[in-house]
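Bear in mind these aren't lab numbers, they're just calculated from the coordinates by the rules spelled out. Source: prediction; values computed, not measured. As a convention, Cβ positions derive from the backbone with ideal geometry for all residues, glycine included, and neighbour counts pool all protein chains shown.
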Amino acid sequence: MMKIINISVKAIIISRTKQYFSITFIILLANLSSACQITAPVTDITQNSVKYSQYYLGLKNLNNKQLLLEEHKQHTLMADQLKDKALSQGKLILIYSLPNPIVYQPYKAKRLLNEHLLASSTLGKENLAFTMLLRDQLNNQLHLLEKITFFEQNLIKQSNAHHKIIEQLNQQLEHVNQQLMLLKKIDQNINERG
C-alpha cells in the first residue's frame, strides 16, 4: 500500500513538473518565433547592418556546437571592441533567449537586455521594436519560471507531508499488527489450556 501511494505521489509530481515545463516551452516558442521565412546563416549577416530578427532566425538554424561557438565569438567581440560592444551584447541577448537548453539563460539575457537598452541609443526602429518584444517575452518567461519554482516547492512540501503521513500510518499498521499477533498468541494459549 505504501509503495502504491509513494509511486502515485511521485507520478503526480513528475506529471505536473513536465506539464509546467511543456507550457513554458510552448509559450516561449510561440512568442519568439515571429517570422516564418528561412534566413541566411548567421555568418552571412554583416555586422554593420544586422537586424536582430534576421540574426535570431539565423541562430535558430544552428546546431548546439555552432551556437556555443557563436556565443564564444560574441563574448570575445564584446570584450575586445568598444565600438561594436552594443551589437555583440545584443547578439548575446538573442543567444541566451533561444529556447535551447545548451544556451538558454533568461536571467542573464534579461540583465544584458536592461544594460543594452540603457547604453544603446542608436537602435533602428525595427531593432528597437524587436528588442522591446524580446524584453516583454523575457519578463513573461521569468514570471513563468518563478511560478514553476513556486509550484515545485509546493509539490515538494506536499510530497514531504504525504511521506510523513504514510510513515505514521505504517507505524500505526505495524503497531496494530503487533497487537494482533499478541492477541493471536493469547487466543492460542487459551485454546491450549481450555
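A few remarks follow.
- Filter result for the condition that a residue is part of a helix (DSSP H, G or I), touching a residue at least 60 places away in the same chain (Cβ under 8 Å), in contact with a Lys or Arg (Cβ under 7 Å, 6 or more places away or on another chain) and surrounded by 11 or more Cβ atoms within 10 Å (Cβ to Cβ), over Leu138, Leu144, Leu155, Leu133: Leu155
- Unique residue being farther than 29 Å from Asn64 by Cβ and among the β-branched types (Val, Ile, Thr) when the list is Ile186, Ile148: Ile186
- Screening Ser88 against (1) part of a helix (DSSP H, G or I); (2) more than 13 Å from the chain's Cα centre (by Cα); (3) farther than 15 Å from Leu59 by Cβ leaves a single unmet condition, (3).
- Across segment 97-130, the qualifying residues are those that are surrounded by fewer than 18 Cβ atoms within 10 Å (Cβ to Cβ) and among the β-branched types (Val, Ile, Thr), and the one among them that is nearest to Glu146 (Cα to Cα) is Ile102.
- Residue match in segment 115-126 (condition: free of Cβ contacts under 8 Å to residues at least 24 places away in the same chain and of a type in the set (D, E, K, R)): yes
- All of Phe130, Phe151 fail the test of being more than 25 Å from Leu57 (Cα to Cα) and among the hydrophobic types (A, V, I, L, M, F, W, C), apart from Phe151.
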